[in-house]
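The values are calculated or read from the model by the stated rules, or taken from the named source; none is laboratory data. Not measured: the values here are computed from a predicted model. No Cβ is skipped: glycine too gets one built from the backbone with ideal geometry, and neighbour counts run over all protein chains shown. Remember, those area values only see protein heavy atoms, side chains included, never the ligands or the DNA or RNA. Shrake-Rupley method; radii C 1.70, N 1.55, O 1.52, S 1.80 Å.
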Amino acid sequence: MAMTTQRKRILITGAGRWNKGEEGGLGAALAIRLAGQGHTVVVNHRSSGESAERLVEAIRNRSARALAVRADVTDPDDVERMGRTIEQELGGLDAVINNAGLFLIKDYQHLTPDEWESQIASTATATYYVSNILLPLLREQGGRIINIADAGADRITARPRTLPYHIGKMGVLMITRTMARAEAGHGVTVNAILPGVLENSEPLPDRARIPAGRHGTADDVLEAVTFLLSEKAGYVTGAFIQVGGGWNL
């Protein structure tokens with residue numbers, strides 16, 4: 001990496017989906033890469049305990065520090081418990097990457113109530129609970145909140161097959177701006193990264209449809225994350241960083 005930053009204790013939500021030899025989800029990919037930069041990584045998961053533990057073991061085998069913590073980030077009680085665990089195990093927290101979020105492709109007219117609620121809860125609601133409940137820890141350090149949104153989340157347009165997901169991701173951007181303004185005086189920055197189509201996205205559109213001519217990678221997202229964690233980004237807050245190669249512009 002061209003840019004360096006001080007070592008931090010970083011919580012990544014929804015980071016447990018990983019299998020040895022495979023990239024896994026974006027959260028897991030970021031966990032491996034950030035640990036490789038010397039950061040301590042907290043791998044949050046809700047139900048993928050075995051996978052999360054394998055990921056933590058792989059990180060520790062590379063002489064980095066990692067911790068797996070089970071918590072349903074749509075449940076404030078679970079989030080509070082996770083915060084206590086992090087404080088007890090690591091002594092504090094420097095950054096949060098709100099990555100969790102369910103994604104379902106289904107016509108909005110046929111969604112069940114649970115499908116509707118779960119996609120909004122796992123995106124906007126989870127981002128709110130995690131960011132708000134863990135604020136005391138972040139304020140102590142002048143911490144960083146990085147919210148993972150979506151390349152189309154900053155534009156209001158018809159989304160008939162992904163409606164609750166995009167409502168949730170647009171909510172993430174509203175939370176980002178609201179908290180950025182409120183927390184600037186406390187030294188906490190709040191920004192959002194808007195990834196486009198990544199190599200492991202499903203469905204995966206033809207790369208010819210992407211203006212940059214290729215699918216995105218976890219390394220592309222990592223570059224933005226690394227910048228926002230760095231000391232050079234200490235005055236950057238409320239920003240939306242597009243990492244989509246022109247997708248959805």
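How many residues does the range 99-136 hold that are assigned to a loop (DSSP other than H, G, I, E, B) and over 21 Å from Thr189 (Cα atoms)?
We begin by selecting, within the range 99-136, every residue assigned to a loop (DSSP other than H, G, I, E, B); these are 99-107, 111-112, 134.
From what is left, the residues that are over 21 Å from Thr189 (Cα atoms) are 101-107, 111-112.
Matching residues across the range 99-136 total 9.
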Please state which one of Arg155, Arg159 is over 26 Å from Ile10 (Cα atoms), exposed (fewer than 15 other Cβ atoms within 10 Å of the Cβ) and not acidic (Asp, Glu).
-> Arg155
All positions within the range 71-125 that are over 26 Å from Gly234 (Cα atoms), charged (D, E, K, R) and open to solvent by less than 30 Å² (accessible area, probe 1.4 Å) = Asp78
Residue under evaluation Trp247, criteria (1) touching a residue at least 60 places away in the same chain (Cβ under 8 Å); (2) open to solvent by 10 Å² or more (accessible area, probe 1.4 Å); (3) in a helix (DSSP H, G or I), criterion not met = (3)
Does Asn132 count as farther than 19 Å from Glu202 by Cβ, at pLDDT 95 or above and open to solvent by 60 Å² or more (accessible area, probe 1.4 Å)?
-> yes
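Of these, Ala68, Ala35, which one is touching a strand residue (DSSP E or B) at 6+ places or on another chain (Cβ under 9 Å) and open to solvent by 20 Å² or more (accessible area, probe 1.4 Å)? Spell out how you get there, then give the answer.
Numbers: Ala35 fails: open to solvent by 20 Å² or more (accessible area, probe 1.4 Å).
None of the others qualify; the one that does is Ala68.
Condition test on Ser47, is it in a loop (DSSP other than H, G, I, E, B), among the hydroxyl-bearing types (Ser, Thr, Tyr) and within 20 Å of Ala126 (Cα to Cα)? Don't jump to the end; show me each part of the working.
Working: in a loop (DSSP other than H, G, I, E, B): yes; among the hydroxyl-bearing types (Ser, Thr, Tyr): yes; within 20 Å of Ala126 (Cα to Cα): yes.
It is true that Ser47 is in a loop (DSSP other than H, G, I, E, B), among the hydroxyl-bearing types (Ser, Thr, Tyr) and within 20 Å of Ala126 (Cα to Cα).
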Find the residue count for the range 46-63, including only residues that are open to solvent by less than 40 Å² (accessible area, probe 1.4 Å) and more than 24 Å from Val130 (Cα to Cα).
-> 1
